[in-house]
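These notes concern the structure reproduced below.
The values are calculated or read from the model by the stated rules, or taken from the named source; none is laboratory data. As the structure is a prediction and not an experimental result, all values here were calculated from the model. Here the Cβ positions follow ideal geometry from the backbone for every residue, glycine too, while neighbour counts run over all protein chains shown. What goes into the accessible areas is simple: the full protein's heavy atoms, side chains included, and nothing from ligands, DNA or RNA. Shrake-Rupley method; radii C 1.70, N 1.55, O 1.52, S 1.80 Å.
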Amino acid sequence: MIEPHAPAPPGSPPSWGGPCGPEAPARLPVRPAVGRFLVLAGVFVCAACGLVYELELVALASYLIGDSVTQASVVLSVMVFAMGLGSLAAKRLRGLAAAGFGALEAALALVGGSSAMLLYAVFAWTGGWGGLWADGPRVLLVAFSLAIGVLIGAEVPLLMELIQRVRRQDPGGAVADLFAADYVGALVGGLAFPFVLLPFLGQLTGALLTGTVNAVVGAALVLGLFRRDLSRRARWLLLTANALVLALLGTATVLADDFERAARHAVYGQDVRVAVHTDVQEVVLTGDTDGRPLDLFLDGRLRVRAGEERRYHEALVHPAMNGPHARVLILGGGDGLAAREVLRHRGVRRVDVVELDPALARLARHDPGLSALNEHVYGDPRVRLVTGDAFHRLRSTPSATYDVVISDLPDPGLTASTKLYSQEFYGLLRRVLAPDGRLAVHAGPVAARPRAFWTVDATLRAAGLPAVAYRVGARDPGSAPGTDRAAAGLRAPRDWGFLLAARTAPAPRLDPAAPRPRSLTPGALARDARDAARTRVPGLPPSTLVHPRY
């Protein structure tokens, strides 16, 4: 075996470890063992940053576009494919491994660090992107996934080359060391994103800080450890490029809060009163000043519009209250508006509200506009708030506990809600219902997504809860729950669809002894049921936890 510094035989081409040629051993300012450790430490940090970029794209795309499973699949599959392309492309840079890696990290830091801000900027200021808003963010998402994937994929061959130039070892051992550092770094990045970066820094600042760390480590590794392998011009170019990248990322970090406020105003209008990132979602309240109606947005989707929400909540609650209703369970509904309608009925002794986001319930209790809209229901001793996951709550609830269950949950098309529209979930609801109890389910818009709506109906029937459907039209297109303001007027849902279920198929009627709803009459309810029945999609299979159909 030829030692790394042994001269090659006369007349032969330079060997891998010869003193001349692009693959000659690196001239390090430290001992080889220390140099090898520093390269593996760089691998660790770069892997952590790379995974943060991936998770950032998934999180932001899920917020802007919805359907987290689809967005995660798009990002990860495109990025893995692009990593293969990057590895192939990096073969041409092996002879300039140090300079190539330095340029690569500067580009990755800039693209990955700025990706969240650019995606959010497009969402906020371009709106429908020429009326094709549904396709716009996906195009940009794929473009970022490709670019970041190519750059991450090109890291591995170059880092492998640098490790071997520091100290020659068998290829299998070098690969094992490289991937061990890479995988441990990915673990740290994957844990840091949800537990440190997202809650403490937010999506924008977290991505920018990650890019800054990426640029600093890449520049320090190349300019500090491999500077003797670079020409004077190459050193100055890398130094200038990294200084420019750091200046851009630093400036963006300083301006991140102002940018977010401006972008939020571009999305929601200038009358944003409350904007908070809770542990569960982004909650934004607008209006309720100068005569403007109050709007409540959850993760960018309009959930409540004062003046319009009453039609929704009256239609959801009042048909289910025609019968025994002393004990009522509300799933979701942390805004208190469904509870407001429940308390209009005499004979209600207990209302349990199960809400995943305690911050939303606190806002509904203390915000002057929202608490006035829900008529201060959380001050009523009959209302009890339980924070947590509805599925977990139902599993620990005794049988026949409730006379009425109101499912005021987001549309089933949202991935986070899918399990709450499953056969298993409705089986739990059937168990906690009294024998003559009734269940009202918000099942999304009928006209826009009839297949999803009637899948909820099929799922209820499979769980032993036959249902009758009805729908209520929205006066203001774009005011239906789940609609984001950017999409209003383009493909906004124009109705709300509901299913009234029980062990025996119930009839959608109003309680004659209860106060008459302002926007719902017995004749209108019967007509709404006939309208919904005409949209039926037959033969749909139920949705389950292991085979979601939405």
Given Cα positions, please report Rg to Rh for segment 39-168, the hydrodynamic radius being the Kirkwood one. 1.05
What span do the alpha-carbon atoms of segment 89-230 cover on each of the three principal axes, reported in whole Å from largest to smallest? 56, 34, 27
Can you give me the long-range amide H partners of Ile330? Hydrogens built in the peptide plane at 1.01 Å from N, cutoff under 5 Å, separation of 5 or more residues or another chain. Asp352, Val353, Val354, Ile406
Percent antiparallel among DSSP beta bridges with both residues in the chain, to the nearest 5? 55 percent
Contact order relative to length of the chain, as percent, for alpha carbon pairs under 8 angstrom and 6 or more apart: 13 percent
How many Å³ per residue does the convex hull of the Cα positions in segment 71-111 occupy? 60 Å³
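Calculate for the chain the 222 nm mean residue ellipticity that helices alone would give, adding -39,500 (n - 2.57) per DSSP H run of length 4 or more and normalising by residue count, nearest 500 deg cm²/dmol.
Values: 16 runs with 270 residues, N = 550.
Per the formula, -16500 deg cm²/dmol.
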Pseudo-spin-label distance Ser399 to Arg362, built 7 Å along Cα→Cβ, given in nm, is 4.0 nm
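What per residue convex hull volume, in Å³, comes out for the chain when only alpha-carbon positions are used?
Cα convex hull per residue, to the nearest whole number: 172 Å³.
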Alpha carbon centroid spacing (whole Å) that separates segment 536-550 from segment 84-113: 46 Å
Whole-Å distance, taken between Cα centres, linking segment 206-232 and segment 413-459: 53 Å
If Lys and Arg each add +1 and Asp and Glu each add -1, what is the summed charge of the other residues whose beta carbon sits under 13 Å from the beta carbon of Leu198? -3
If packing is taken as the average number of other Cβ atoms within 10 Å across a peptide's residues, how do 324-331, 462-469, 53-60 rank, most packed first? 53-60, 324-331, 462-469
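So if R0 is 25 Å, what FRET efficiency would Leu85 and Val188 give, r being the distance between their Cβ atoms, rounded to the nearest 0.05?
Working from the Cβ atoms, E equals 0.45.
Using 0.36 nm per residue of separation minus the Cα-Cα distance, give me the extension gain between Leu255 and His392 in nm, one decimal. Write down the numbers at each step before the final one.
Working: separation 137, 0.36 × 137 = 49.32 nm, distance 4.14 nm.
The Leu255-His392 span can extend by a further 45.2 nm.
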Computed from the beta carbon distance with a Förster radius of 45 Å, FRET efficiency for Leu146 and Val276 to the nearest 0.05 stands at 0.85
Using the Cα atoms of segment 250-356, I'd like the radius of gyration and the largest Cα-Cα distance, Dmax, both in angstrom. 17.8, 62
Tally up the carbon and sulfur contribution to the accessible surface of the chain as a whole percent, 1.4 Å probe, everything protein left in place. 62 percent
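How long is the gain from Arg503 to His547 if the chain were fully straight, where each residue apart is worth 0.36 nm and the alpha carbon distance is subtracted?
On the way: separation 44, 0.36 × 44 = 15.84 nm, distance 2.42 nm.
Contour length minus Cα-Cα distance gives 13.4 nm.
Are there any helices in the chain, counted as whole DSSP H runs, that stretch 20 Å or more along their axis by Cα and score at least 1.0 on average by Kyte-Doolittle, and if so which?
Numbers: long enough: 32-65 (49 Å, 1.76); 68-90 (32 Å, 1.65); 97-126 (40 Å, 1.44); 136-166 (45 Å, 1.50); 171-192 (31 Å, 1.17); 198-220 (29 Å, 1.27); 232-254 (33 Å, 1.03).
Sorted by number, the helices that extend far enough and score high enough are 32-65, 68-90, 97-126, 136-166, 171-192, 198-220, 232-254.
Could you provide, to the nearest whole Å², the per residue accessible area of segment 303-461 with probe 1.4 Å?
Details: 5240 Å² over 159 residues.
With the other protein chains kept in place, segment 303-461 gives 33 Å² per residue.
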